[in-house]
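Taken together, the values in this text are just the output of simple stated rules run on the coordinates, not laboratory data. The structure presented is a predicted model; accordingly, all values stated were derived computationally and were not measured. Backbone-built Cβ (ideal geometry, glycine too); neighbour counts: all protein chains shown.
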């Protein structure tokens, strides 16, 4: 394990070259292990699940090993193929739901979305 300095604070990171924060690495390993377990319980081979999810077998193998370079869209495709996407969505709904977090988010949200102001310089006519 290695420690990196980030904003004058120490952040635990993996000793691997991809330098994921330690907690993120644990979550990724847990997710990859559960995907493999679900695949085995449902009786899918790696080629079968990869075909159903629309990804290559090598990508699925990398996912099951917990490689952090796999695109999130592929993870979502595999969760869908295993019929686990609703459960994943329910877990995401729990993010930032404490009263304090909701209050902070509501205070920092703009009242409405606006396009950035354009400044006219010299001889430009408004569009």
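Under the Kirkwood approximation for Rh and a Cα-based Rg, what ratio Rg/Rh is obtained for the stretch 48-126? That ratio is 1.28, to two decimals. Taking label positions 7 Å along the Cα-Cβ direction at both residue 94 and residue 61, the computed distance is 3.4 nm, reported to one decimal.
Short to long, the 10 Å bins of the Cα pair-distance histogram for the stretch 22-84 hold 24, 62, 13, 1 percent of all pairs.
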